[in-house]
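Peer 1: Okay, handing you the structure first.
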Amino acid sequence: MSMKLPFFKNKQEETSAHTDLENIPNHVAIIMDGNGRWAKKRALPRIAGHKEGVNSVIKIVREACKFNVKILTLYAFSTENWKRPKPEVEFLMKLPKEFLHIYLPELMEKNVRIETIGDFDALPEHTKEAVQYAKNKTADNNGLILNFALNYGSRYEIMQAIKQILSDVDTNKINVDKLDESSFSNYLYTKDFCDPDLLIRTSGEQRLSNFLLWQLAYTEFWFTDVLWPDFNEEIFQQALRDYQQRKRRYGGL
Ligand code: FPP
């Protein structure tokens, strides 16, 4: 006679069972780090790590949909990443198109809306075209917002906001006395999104690397030594469960 385990059918269910579905972060932001080291450990070129990193992206998108996360912001390319060798930059710039070519039908089916933050105009034409197509195609979807930070730099974003505010003050569009944290936020790329509740960074590095400096003021940080290509559903759920143990006080008691 086969004995049936009383609670869980498999490991996956066991993990999900402990995640409180009533306390899921609305906005999760991820610094996907460690692709290069993943490749190096296997004596592969760095781009192999980025390619493998795309598999982690779709895994976590599916997981975010499953857990009803509202916004998933992924740091895919920073304003500083242009300093990398040209072939690596070119490879990274092809990834959005490749990803969307394979997964756009699934993203449509899952009701995912694609958005971006960053200096979009400065991206190569082929990248812009593919991403813009996906943004248009998914514009009416009202499920997960999959927000790629592409050519994103937080200091640049803040400088641009300040310049625009000065210009709007000049032309009397805004009154400087009325400027507050909320109206300042409206000048940022993220103006339509709530601030991240949870920031995940992989690969053991514990720094922000010019990511969402304004928006992360009250975000819970979660770090793991796991390299991004090894990041998976179980580790994401671990991050959610740890987040659920945090007491968010926003400076109060
Ligand atoms: C940092 O790792 C990672 C990046 C700069 C690129 C991240 C991009 C992806 C994971 C793929 C994005 C996918 C889509 C669909 C746009 P690193 O190269 O700095 O790693 P290292 O610190 O080990 O060298």
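The values are calculated or read from the model by the stated rules, or taken from the named source; none is laboratory data. Only a predicted model underlies this, so the values are computations on that prediction, with no experimental measurement involved. As a convention, Cβ positions derive from the backbone with ideal geometry for all residues, glycine included, and neighbour counts pool all protein chains shown. Areas reflect the complete protein model, heavy atoms only, side chains present, ligands, DNA and RNA absent. Shrake-Rupley method; radii C 1.70, N 1.55, O 1.52, S 1.80 Å.
Peer 1: Can we say Ser203 is small (Gly, Ala, Ser) and not in a helix (DSSP H, G or I)?
Peer 2: Criteria met by Ser203.
Peer 1: Here's a follow-up. Quick one: how many residues across segment 211-242 are within 14 Å of the ligand (Cβ to nearest atom), part of a loop (DSSP other than H, G, I, E, B) and closer than 16 Å to Leu72 by Cα?
Peer 2: Residues flagged as within 14 Å of the ligand (Cβ to nearest atom), part of a loop (DSSP other than H, G, I, E, B) and closer than 16 Å to Leu72 by Cα within segment 211-242 amount to 3.
Peer 1: In segment 221-238, is there at least one residue being among the hydroxyl-bearing types (Ser, Thr, Tyr), under 19 Å from Trp38 (Cβ atoms) and under 17 Å from the mean Cα position of the chain (by Cα)?
Peer 2: Yes, because at least one residue in segment 221-238 is among the hydroxyl-bearing types (Ser, Thr, Tyr), under 19 Å from Trp38 (Cβ atoms) and under 17 Å from the mean Cα position of the chain (by Cα).
Peer 1: From the list Ala139, Ala134, which residue is surrounded by fewer than 18 Cβ atoms within 10 Å (Cβ to Cβ) and small (Gly, Ala, Ser)? Lay out the reasoning, then the answer.
Peer 2: Details: Ala134 fails: surrounded by fewer than 18 Cβ atoms within 10 Å (Cβ to Cβ).
Exactly one of Ala139, Ala134 is surrounded by fewer than 18 Cβ atoms within 10 Å (Cβ to Cβ) and small (Gly, Ala, Ser), namely Ala139.
Peer 1: While we're looking at this one, here's another question. Restricted to segment 107-122, and to residues that are crowded, with 16+ Cβ neighbours inside 10 Å and of a type in the set (Asp, Glu), which residue is nearest to Trp82 (Cα to Cα)?
Peer 2: Residue satisfying both the conditions and the ranking: Asp119.
So that you can scan it fast, the table gives a plain yes or no per residue for (1) within 20 Å of Asp140 (Cβ to Cβ); (2) touching a strand residue (DSSP E or B) at 6+ places or on another chain (Cβ under 9 Å):
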site	(1), (2)
Lys51	no, no
Ser56	no, no
Ile60	no, yes
Pro87	no, no
Glu106	yes, no
Thr116	yes, yes
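Peer 1: Something else: Among the residues of segment 80-88, are any open to solvent by less than 60 Å² (accessible area, probe 1.4 Å), out of contact with any Phe, Trp or Tyr (no Cβ under 7 Å at 6 or more places or on another chain), of a type outside the set (Gly, Ala, Ser) and modelled with pLDDT of 95 or more?
Peer 2: yes
Peer 1: Specify the residue that is nearest to the ligand (Cβ to nearest atom); the eligible residues are those in segment 27-78 that are polar (S, T, N, Q) and open to solvent by less than 40 Å² (accessible area, probe 1.4 Å). First the steps, then the outcome.
Peer 2: We begin by selecting, within segment 27-78, every residue polar (S, T, N, Q); these are 35, 55-56, 68, 73, 78.
Then keep just the ones that are open to solvent by less than 40 Å² (accessible area, probe 1.4 Å); that gives 35, 56, 73, 78.
On the way: Asn35: 4, Ser56: 7, Thr73: 12, Ser78: 7 Å.
Looking at residues that are polar (S, T, N, Q) and open to solvent by less than 40 Å² (accessible area, probe 1.4 Å), I get Asn35.
Peer 1: Quick one: Glu205 ticks every box in (1) at pLDDT 95 or above; (2) open to solvent by 30 Å² or more (accessible area, probe 1.4 Å); (3) away from the ligand (no atom under 16 Å from the Cβ) except a single one, so which number is it?
Peer 2: Of everything listed in (1) at pLDDT 95 or above; (2) open to solvent by 30 Å² or more (accessible area, probe 1.4 Å); (3) away from the ligand (no atom under 16 Å from the Cβ), Glu205 misses just condition (3).
Peer 1: Separate question: From the residues in segment 161-220 that are more than 25 Å from Arg249 (Cα to Cα) and of a type in the set (Phe, Trp, Tyr), which one is farthest from the chain's Cα centre (by Cα)?
Peer 2: Within segment 161-220, the match that is farthest from the chain's Cα centre (by Cα) is Tyr187.
Peer 1: Right, another one. Does Asn23 satisfy being at pLDDT 95 or above, away from the ligand (no atom under 16 Å from the Cβ) and not hydrophobic (A, V, I, L, M, F, W, C)?
Peer 2: yes
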